[in-house]
Amino acid sequence: MELKLENYETPVYEIENSINHIYIKREDFIPFSFGGNKARKAEYFIKDFDSGNYDVLVTYGSSSSNHCRIIANIASSRGIRCIIISPSEESKNTFNKEFMRFFGSEIIAVPVQNVHETIENKLQELRSKGLSPYFIPGGGHGNLGTQAYVDCYKEIKKFEERKKIVFDYIFFATGTGTTQAGLICGQYIYNDDRKIIGISIARNKQYGKNIVLESINDYLKLYNYPINEDVINKMTHFEDKYVGHGYGKDGSRIKEIINEMMMKNGIPMDQTYVGKAYSGMLQYIQENNISGKNILFLHTGGTPLFFDYFLDGIGYK
Ligand SMILES: *Cc1c(COP(=O)(O)O)cnc(C)c1O
């Protein structure tokens with residue numbers, strides 16, 4: 001993977017909306033393995049991998065993980081081994097899983113409660129064979145992932161300066177919270193006045209928000225930024241109202257919204273992340289009577305999941 005996002009900006013453009021100015025930033029266009037926020041984060045982990053003497057990639061994620069697909073693709077592009085520990089409960093036949101197999105990664109499926117121990121044992125086993133494994137946390141969580149979205153925030157600011165526009169809101173799907181943590185660190189560092197709202201795709205507010213706050217604190221501490229907890233807390237909007245029936249499961253209007261988005265704008269949105277977040281954003285806008293504002297929505301990727309959805313026949317109904 002020779003992605004250098006310093007020289008690459010994902011496109012941002014306005015789509016038709018009668019109430020607000022809604023812009024979409026196409027993170028799904030990052031030019032590697034169907035892109036998405038996991039591709040942006042992966043670049044930072046791979047730089048770290050390259051700076052040491054590592055020879056095996058080990059990571060964690062479910063059969064629908066975009067992160068695992070991308071790491072597996074990076075490994076195949078370099079001809080190195082990739083081991084994926086996967087919770088057996090979440091084992092579905094998905095395009096992401098097919099790609100992981102296609103890229104030749106070794107998938108170890110274990111019950112979710114054994115995941116941690118399996119990772120530890122695997123790393124030890126590899127080391128005892130004289131190998132040097134590099135572990136990437138599930139979803140590309142951690143300071144390197146946060147850094148990727150601090151840099152994305154800078155990219156958004158560059159766009160604003162160039163186009164003489166200010167986004168009042170930034171919305172996106174929040175899962176492990178790394179994307180959100182990076183964006184909020186950016187807002188905090190530049191002291192910008194706007195609302196950054198993560199639409200939860202699974203976690204409840206208390207748990208999800210705490211993890212985002214932890215990630216923000218970890219990052220700011222690492223670079224010795226002064227920490228004002230009150231300000232950070234107020235900047236962190238973790239919205240769990242639109243989770244629906246949980247991870248990968250439907251909320252109320254997701255299907256209609258996904259279908260209409262593809263029909264009218266030619267933009268694929270999956271139902272686990274991007275479609276759920278977009279639908280949540282529309283509800284949020286309505287419930288809070290937001291009008292005449294500049295709103296940025298991050299399309300965080302997940303295109304193979306869109307095809308799972310489409311193949312299920314939901315798209316036709
Ligand atoms: C992982 C993922 C997210 C959530 O990102 P986090 O940084 O884990 O919060 C959103 N959208 C897509 C398509 C993803 O794959």
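Using a Debye calculation, one point per C-alpha and no hydration shell, please list log10 I(q)/I(0) for region 182-314 at q = 0.09, 0.20, 0.21 Å⁻¹ in order.
-0.31, -1.19, -1.25
Quick check on my link table: of Lys25/Lys195; Lys195/Lys221; Lys205/Lys234; Lys25/Lys154, which ones sit more than 18 Å apart, alpha carbon to alpha carbon?
Pairs exceeding the cut-off: Lys195/Lys221.
Using a/c under 1.5 as the rounded threshold, could you call region 81-163 rounded, prolate or oblate? The axes a ≥ b ≥ c are square roots of the C-alpha gyration tensor eigenvalues, and prolate needs a/b larger than b/c, oblate otherwise.
prolate
Hey, rough spin-label estimate for Tyr223 and Asn191, points 7 angstrom out along Cα→Cβ, what's it come to in nanometres?
Here the answer is 1.6 nm between the modelled labels.
Computed from the mean reciprocal separation of all distinct C-alpha pairs, what Kirkwood hydrodynamic radius does the chain have, in Å?
Hydrodynamic radius (Kirkwood, Cα only) of the chain equals 20.0 Å.
Between the helical axis of 178-190 and the dominant principal axis of the chain, each derived from Cα atoms, what acute angle in degrees is found, rounded to the nearest 10?
60 degrees
List the chymotrypsin sites (Phe, Trp or Tyr not before Pro) in region 216-296 that DSSP assigns to loop (not H, G, I, E or B) and whose Cβ has at most 12 other Cβ atoms within 10 Å. Which are they?
When the chymotrypsin sites (Phe, Trp or Tyr not before Pro) of region 216-296 are filtered for loop state and at most 12 Cβ neighbours within 10 Å, Tyr223 remain.
Sum -39500 (n - 2.57) across every DSSP H segment of at least 4 residues in the chain, then divide by the residue count to get the 222 nm mean residue ellipticity, nearest 500.
-14500 deg cm²/dmol
Which semi-axes, in whole Å and largest first, does the equivalent ellipsoid of region 103-249 have when worked out from the alpha carbon gyration tensor as the square roots of 5 times its eigenvalues?
Values for region 103-249, descending: 32, 19, 15 Å.
Determine which aspartates and glutamates satisfy two conditions relative to Lys97: a Cα distance under 12 Å, and not lying fewer than 8 residues away in the same chain.
Glu106, Asp308
Rank the residues Ser76, Ser279 as a footprinting-exposure proxy: fewest other Cβ atoms within 10 Å of their Cβ go first.
Ordered by Cβ neighbours within 10 Å, fewest first: Ser76, Ser279.
Based on the alpha-carbon gyration tensor of region 56-118 and its eigenvalue square roots a ≥ b ≥ c, which shape applies: rounded if a/c is under 1.5, prolate if not and a/b is larger than b/c, or oblate?
Cα axes put region 56-118 in the oblate bin.
Quick check: pseudo-label points 7 Å beyond the Cα along Cα→Cβ at Lys157 and Gln286, how many nm apart are they?
In this crude spin-label approximation the distance works out to 3.6 nm.
Taking Cα centroids, how far is region 74-100 from region 158-218 in Å?
Rounded to whole Å, the Cα centres lie 28 Å apart.
To make sure I understand, if each residue's beta carbon is the centre and we count other beta carbons within 10 Å, what order do Tyr149, Tyr207 fall in, fewest to most?
Tyr207, Tyr149
So the label point goes 7 Å from the Cα of Glu90 along Cα→C-beta, right? Which residues of region 33-66 then have their backbone N under 15 Å from it?
Only 38, 59-66 fall inside the zone, counting backbone N under 15 Å.
Ordered by residue, what ³J(HN,Hα) values in Hz, to whole numbers, does region 161-171 give under the Karplus form 6.51 cos²θ - 1.76 cosθ + 1.60, where θ = phi - 60° and Gly and Pro are x?
Result, rounded to whole Hz: 5, 5, 9, 6, 9, 10, 7, 6, 9, 10, 10.
Which of rounded, prolate, oblate describes region 233-301, given a ≥ b ≥ c as roots of the alpha-carbon gyration tensor eigenvalues and a/c under 1.5 marking rounded, otherwise prolate only if a/b is larger than b/c?
Judged from the Cα gyration tensor, region 233-301 comes out oblate (a/c at least 1.5, b/c at or above a/b).
With θ set to phi - 60°, apply the Karplus curve 6.51 cos²θ - 1.76 cosθ + 1.60 along region 87-93 and write out the HN-Hα couplings as whole Hz, x wherever there is a Gly or Pro.
Taking θ as phi minus 60°, the curve returns x, 5, 4, 9, 9, 10, 7 Hz for region 87-93.
Just tell me the longest site-free run in the chain, where the sites are GluC sites (Glu not before Pro) in a DSSP loop having at most 10 other beta-carbon atoms within 10 Å.
Here the longest run is 17-317.
Please arrange Cys68, Cys152 by how many other C-beta atoms lie within 10 Å of their C-beta, fewest to most.
So the residues, fewest neighbours to most, are Cys152, Cys68.
Helix 66-78 versus the longest principal axis of the chain: what is the Cα-based angle in degrees, 0 to 90, to the nearest 10?
Helix 66-78 sits at roughly 50 degrees to that axis.
List every residue whose amide H lies under 5 Å from the amide H of Asp55, counting only residues 5 or more places away in sequence or on a different chain, with H placed 1.01 Å from N in the peptide plane.
Close amide H contacts, sequence-distant or interchain: Ser132, Tyr134.
What ³J(HN,Hα) values, in whole Hz, does the Karplus curve 6.51 cos²θ - 1.76 cosθ + 1.60 give for region 219-236 when θ = phi - 60°, with x put for Gly and Pro?
Result, rounded to whole Hz: 5, 5, 5, 4, 9, 6, 6, x, 10, 10, 4, 5, 4, 4, 4, 6, 7, 9.
If you fit an axis through the alpha-carbon atoms of helix 115-128 and take the longest principal axis of the Cα set of the chain, what angle between them do you get, 0 to 90°, nearest 10?
That works out to roughly 40 degrees.
Under 16 Å Cα-Cα from Lys163, which aspartates and glutamates qualify once same-chain neighbours fewer than 8 residues away are excluded?
Glu9, Glu14, Glu155
Each value in this text was obtained by applying a stated rule to the coordinates, not by laboratory testing. Predicted model only: the values in this text are computed from it and were never measured. FYI the Cβ positions are ideal-geometry reconstructions off the backbone, even for glycines, and counts take in every protein chain you see.
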